[in-house]
Amino acid sequence: MTLQISVRHSIGHSSPLTVTCPLYTEDLLARELSALGGTEAHIKHGAVEVRGTLETAYRICLYSRIANHVLVPLTSFSARNRDELSHRLAAFSFHEQFP
């Protein structure tokens with residue numbers, strides 16, 4: 001079971017980004033993201049996961065012709081049931097992410 005919490009993103013800190021796109025354009029998007037500063041691209045169905053800084057995310061938003069959305073995961077964890085999910089979400093510090 002993993003729990004990763006990333007506190008506010010600074011300009012120089014590299015973090016995971018999920019960039020969504022129209023189906024079957026993932027390969028094109030991966031190449032475009034690489035040119036825009038994204039690293040470690042992993043192609044998914046309708047998305048590409050990369051690592052990048054906040055500056056990279058802004059660059060993707062401004063210059064990508066293929067990307068639909070740039071998503072920054074705030075946390076990740078596994079939950080076996082509804083109660084565990086509720087407990088994990090309650091433990092997350094949303095007020096630190098959205099003051």
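Every number here is computed from the coordinates shown, using simple stated rules; none is lab data. Since we're looking at a predicted model, the values are computed, not measured. Cβ placement follows ideal geometry from the backbone for every residue including glycine, while neighbour counts extend to all protein chains displayed.
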| Which one is right for this structure if Cα extents along the principal axes in Å is calculated from it: (1) 44, 42, 32; (2) 53, 39, 22; (3) 41, 29, 19? | (3)
| request: Compute the long axis of helix 26-35 from its Cα atoms, compare it with the longest principal axis of the Cα atoms of the chain, and write down the angle in degrees, 0 to 90, nearest 10. | output: 80
| Size of electric dipole in the chain: Cβ of Lys, Arg +1 and of Asp, Glu -1, about Cα centre, debye, nearest 20 | 80
| field | Degrees, to the nearest 10: 82-91 long Cα axis against longest axis of the chain | value | 80
| What angle, in degrees between 0 and 90 and rounded to the nearest 10, separates the Cα long axis of helix 54-63 from the longest principal axis of the Cα atoms of the chain? | 50
| remark: With only helices counted (DSSP H, runs n ≥ 4, each -39500 (n - 2.57)), the per-residue ellipticity at 222 nm for the chain, to the nearest 500, works out to -9500 deg cm²/dmol
